1. Identify all residues within region 93-120 that are over 12 Å from K7 (Cα atoms), free of Cβ contacts under 8 Å to residues at least 24 places away in the same chain and not aromatic (F, W, Y); write none if there are none.
2. Please pick out the residue among K46, K16 that is open to solvent by 90 Å² or more (accessible area, probe 1.4 Å) and more than 10 Å from the chain's Cα centre (by Cα).
3. On the given criteria, is E54 free of Cβ contacts under 8 Å to residues at least 12 places away in the same chain, open to solvent by 60 Å² or more (accessible area, probe 1.4 Å) and either not β-branched (V, I, T) or not in a strand (DSSP E or B) (or both)?
4. Take T33 and tell me if it is open to solvent by 50 Å² or more (accessible area, probe 1.4 Å) and β-branched (V, I, T).
5. I'm told I65 meets every condition in (1) open to solvent by less than 70 Å² (accessible area, probe 1.4 Å); (2) free of Cβ contacts under 8 Å to residues at least 60 places away in the same chain; (3) in contact with a Lys or Arg (Cβ under 6 Å, 6 or more places away or on another chain); (4) not hydroxyl-bearing (S, T, Y) except one. Can you identify the failing condition by its number?
6. So A49 passes all but one of these: (1) part of a helix (DSSP H, G or I); (2) farther than 28 Å from E117 by Cα; (3) small (G, A, S). Which condition number does it fail?
7. Does L83 satisfy the criteria of being open to solvent by 60 Å² or more (accessible area, probe 1.4 Å) and modelled with pLDDT of 95 or more?
8. Determine the pairs where a residue that is under 19 Å from V14 (Cα atoms), located within region 78-91, has a partner that is of a type in the set (A, V, I, L, M, F, W, C) and surrounded by fewer than 17 Cβ atoms within 10 Å (Cβ to Cβ) with Cβ atoms under 8 Å apart, the partner being 6 or more residues away or on another chain.
Amino acid sequence: MLEPGIKGKEEVKVTKENTAKALGSGELDVFATPAMVALMEKTAWKSVAAEVGEGNGTVGTLLNISHLSASPLGANIVCESELVEVKGRELIFKVKAFDEKGLIGEGEHRRFVVNNEKFQTKANNKLN
C-alpha cells in the first residue's frame with residue numbers, strides 16, 4: 001500500500017560513463033548532475049514499484065533538486081528517497097545523495113502512478 005514513509009536506497013560508483021564530460025553537461029570528470037537526477041528517479045521509482053499494483057508503474061513528473069558538491073572518479077554515491085506524501089495518484093518524495101564526504105544533492109521528486117499499457121499507447125500515438 002502506498003503510504004508515506006516508504007524508503008529507498010540505491011548506490012553507484014562514479015565512473016567515466018557518468019561524468020559531466022561523458023554526459024555532455026560539462027567538461028570535468030566529476031559525477032554529472034544528469035546522473036544524480038537519474039539515480040534519484042531510480043531510487044524513488046524502485047522504492048514503490050512493488051506497491052503500485054499489477055500492470056501499473058510510475059513516471060517522473062517533477063524534480064526540484066540542488067547539486068551541492070562535486071564527486072570525483074571512484075567515489076561511491078548513495079541515494080536515499082522517502083515517500084513523504086500521497087495525493088491520489090501523485091507521489092511526493094524527498095531525495096538525497098551522498099558521497100563519502102557527505103551530502104552532494106537533495107530536493108523533491110514527484111511521480112504519478114499510471115497504467116503502463118495505457119500510458120505507453122498514448123505516448124506511441126503521438127507518432128500517428
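1. Across region 93-120, the qualifying residues are K118, Q120.
2. Of K46, K16, the one residue that is open to solvent by 90 Å² or more (accessible area, probe 1.4 Å) and more than 10 Å from the chain's Cα centre (by Cα) is K16.
3. In short, yes.
4. Considered against the rule, which asks whether it is open to solvent by 50 Å² or more (accessible area, probe 1.4 Å) and β-branched (V, I, T), T33 comes out as yes.
5. For I65, the failing item is (3).
6. Failed condition: (2).
7. no
8. Between residues of region 78-91 that are under 19 Å from V14 (Cα atoms) and residues that are of a type in the set (A, V, I, L, M, F, W, C) and surrounded by fewer than 17 Cβ atoms within 10 Å (Cβ to Cβ), there is no close pair.
The values are calculated or read from the model by the stated rules, or taken from the named source; none is laboratory data. All of these numbers come straight from a predicted model, not from anything done at the bench. A quick note on method: Cβ atoms are made from the backbone with ideal geometry, for glycine too, and the neighbour counts reach across all protein chains shown. Keep in mind that these areas ignore ligands, DNA and RNA; they rest on the heavy atoms of the full protein, side chains included. Shrake-Rupley method; radii C 1.70, N 1.55, O 1.52, S 1.80 Å.
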